[in-house]
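Remarks on the structure that follows.
The values are calculated or read from the model by the stated rules, or taken from the named source; none is laboratory data. Values in this document were obtained by computation on a predicted structure and should not be read as measured data. Methodologically, a virtual Cβ is constructed for each residue, glycine included, from the backbone with ideal geometry; neighbour enumeration extends over all protein chains shown. Accessible surface is based on the protein model in full, side chains and every heavy atom, while ligands, DNA and RNA are left aside. Shrake-Rupley method; radii C 1.70, N 1.55, O 1.52, S 1.80 Å.
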Amino acid sequence: MTAVTASPRRTGGPRLLNVVRMQLVNRQTYIWIPLIVLFGTLLITLAIWGVIIGNGGSGNLFGGGAQAPLWYFGVVGVQALTLTFPFSQAMSVSRREFFFGTLLTAAMTALILAIVFVLGAFIETVTNGWGMNGYFFALPGIWDAGAAVAGLFYFSIAMLFFIVGFTSATIYKRFGGIALTVVLVGLGALLVLAMFLIGRLNAWGPVFIWFAELGILGGAFLVLGVVAVLSATAYGILRRATP
């Protein structure tokens, strides 16, 4: 008789890439919807600026609509768990492979979005704000720090929204809706308490000065630190979550 030995389970890069491919089966969630939201908001903003200029408006115009796809990344984070986690477990993908593959997918798409933001800001600077002194991407304070820093900042914000959505969905998957509600309410209460203490200590001035001194680059690294903490939290919860 010939002995049959089980082949060791392969782990590492190839399996992570399989998770990336699994997540990108539905490309509209990660790529097309964020881009549609972004460029749709841009077109609406340009139309509004055109109306303002047509009615005699002048001076620099600024739009905050570029944040719209960043908020949507929170939805992407939720769907990244709820839509694919059960399927991944049926395909014998480990939780570790699913988590890091999903995080890699988010980083890739956040990088694409950051590059689009940088290219848009560059176009605005060479076209004098689309010929209308209008700035949608090249916002003061962010773009003033340089293209690389601005790109890192937008990347970090996209990752923050993603991991917030992913962590929320993980808490819901592991503990249920009541637990998630308690966590969200608790975080809101802590925020209000922090604001109350800052006010009582008359410390708003030093707080604003600290944020100003931190700058865009420091803010980006601070956000990435929060992303790292939430990622570790989500991974710890996901290890015991049921599909």
Pairs with Cβ under 8 Å, 6+ apart, first in the stretch 154-171 and touching a residue at least 60 places away in the same chain (Cβ under 8 Å), second small (Gly, Ala, Ser) and not in a helix (DSSP H, G or I):
170/241
Out of all the residues in the stretch 35-45, is one or more in contact with a strand residue (DSSP E or B) (Cβ under 7 Å, 6 or more places away or on another chain), open to solvent by less than 80 Å² (accessible area, probe 1.4 Å) and part of a helix (DSSP H, G or I)?
no
Quick check on this structure: which one of 70, 61, 81, 104 is touching a strand residue (DSSP E or B) at 6+ places or on another chain (Cβ under 6 Å) and among the aliphatic types (A, V, I, L, M)?
61
Within the stretch 55-81, of all residues that are surrounded by 15 or more Cβ atoms within 10 Å (Cβ to Cβ) and of a type in the set (S, T, N, Q), the one farthest from residue 133 (Cα to Cα) is 79
Filter the stretch 117-135 for residues that are open to solvent by less than 30 Å² (accessible area, probe 1.4 Å) and at pLDDT 90 or above; the one that is nearest to residue 237 (Cα to Cα) is 117
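A quick yes/no check of all residues on (1) closer than 30 Å to residue 47 by Cβ; (2) more than 17 Å from the chain's Cα centre (by Cα):
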site	(1), (2)
135	yes, yes
152	no, no
181	no, yes
206	no, yes
223	no, no
Residue list for the stretch 1-34, filter: part of a loop (DSSP other than H, G, I, E, B), open to solvent by 50 Å² or more (accessible area, probe 1.4 Å), at pLDDT below 80 and closer than 21 Å to residue 96 by Cα:
7, 8, 9, 10, 11
Looking at 139, 180, 224, which is the one that is open to solvent by less than 80 Å² (accessible area, probe 1.4 Å) and outside any helix (DSSP H, G or I)?
139
Do you know which residues across the stretch 143-175 are over 20 Å from residue 227 (Cα atoms) and either open to solvent by less than 20 Å² (accessible area, probe 1.4 Å) or among the aliphatic types (A, V, I, L, M) (or both)?
145, 147
Answer yes or no: is there a residue in the stretch 100-112 that is hydrophobic (A, V, I, L, M, F, W, C), under 26 Å from residue 46 (Cα atoms), touching a residue at least 12 places away in the same chain (Cβ under 8 Å) and surrounded by 17 or more Cβ atoms within 10 Å (Cβ to Cβ).
yes
For the stretch 227-243, give me each residue that is surrounded by 14 or more Cβ atoms within 10 Å (Cβ to Cβ) and not hydroxyl-bearing (Ser, Thr, Tyr).
227, 230, 234, 237, 238, 241
Those residues of the stretch 35-66 which are of a type in the set (S, T, N, Q) and either modelled with pLDDT under 85 or closer than 30 Å to residue 89 by Cβ (or both), in sequence order:
55, 58, 60
Could you tell me which of the residues 219, 188 is open to solvent by less than 40 Å² (accessible area, probe 1.4 Å), of a type outside the set (Phe, Trp, Tyr) and out of contact with any helix residue (DSSP H, G or I) (no Cβ under 9 Å at 6 or more places or on another chain)?
188
Quick check on this structure: which one of 209, 198, 216, 237 is farther than 27 Å from residue 86 by Cβ, touching a residue at least 24 places away in the same chain (Cβ under 8 Å) and part of a helix (DSSP H, G or I)?
216
